[in-house]
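Report on the structure given below.
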């Protein structure tokens with residue numbers, strides 16, 4: 001049902017937690033399934049240097065969060081904003097159709113953290 005990569009990221013999630021004094025924070029949730037994701041980011045010179053997550057949800061949601069964090073670290077703001085839900089699912093080796101919404105939450109939470117960062121930059 002799940003790829004080896006999904007199971008690895010579920011059993012051994014990367015970048016769990018929160019960035020101390022983050023440059024941006026984004027939270028999203030799905031009231032239907034109950035999954036909640038929060039991403040915090042550190043940005044230096046337009047590049048995501050640290051990405052951390054906290055996820056409450058199913059194994060697929062945890063795997064997606066872990067994969068999003070790995071994919072985003074080292075990317076520019078523009079590259080990270082271009083990451084799509086389909087990119088995340090593809091990188092994980094696919095997700096069952098009833099779990100595709102989890103990949104949507106991961107990319108959406110990262111994008112929300114980046115938007116939060118960009119809003120703070122306008123205010124500064």
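The values are calculated or read from the model by the stated rules, or taken from the named source; none is laboratory data. Remember, predicted model here, so these are calculated numbers, not experimental data. Heads up, the Cβs are rebuilt from the backbone with ideal geometry, glycines too, and the neighbour counts pull from every protein chain shown.
Assorted remarks:
- Matching residues in the range 1-30 - criterion: being over 15 Å from the mean Cα position of the chain (by Cα) and either within 23 Å of residue 94 (Cα to Cα) or not in a loop (DSSP other than H, G, I, E, B) (or both): 1, 2, 3, 4, 5, 7, 8, 11, 12
- Number of positions in the range 31-49 that are assigned to a strand (DSSP E or B) and crowded, with 20+ Cβ neighbours inside 10 Å: 6
- Residue in the range 54-61 that is in contact with a strand residue (DSSP E or B) (Cβ under 8 Å, 6 or more places away or on another chain), in a strand (DSSP E or B), buried (at least 18 other Cβ atoms within 10 Å of the Cβ) and at pLDDT 95 or above present: yes
- Test: residue in the range 112-124 that is at pLDDT below 95 and surrounded by 14 or more Cβ atoms within 10 Å (Cβ to Cβ): no
- Restricting attention to the range 69-93, the residues that are assigned to a loop (DSSP other than H, G, I, E, B) and either farther than 14 Å from residue 10 by Cβ or modelled with pLDDT of 95 or more (or both) add up to 5.
- Output for the range 23-50, where each listed residue is touching a strand residue (DSSP E or B) at 6+ places or on another chain (Cβ under 6 Å) and more than 22 Å from residue 101 (Cα to Cα): 23, 24, 41, 42, 46, 47, 48, 49, 50
- Residue 66 meets all of the listed conditions (1) touching a strand residue (DSSP E or B) at 6+ places or on another chain (Cβ under 6 Å); (2) outside any loop (DSSP other than H, G, I, E, B) but one, namely (1).
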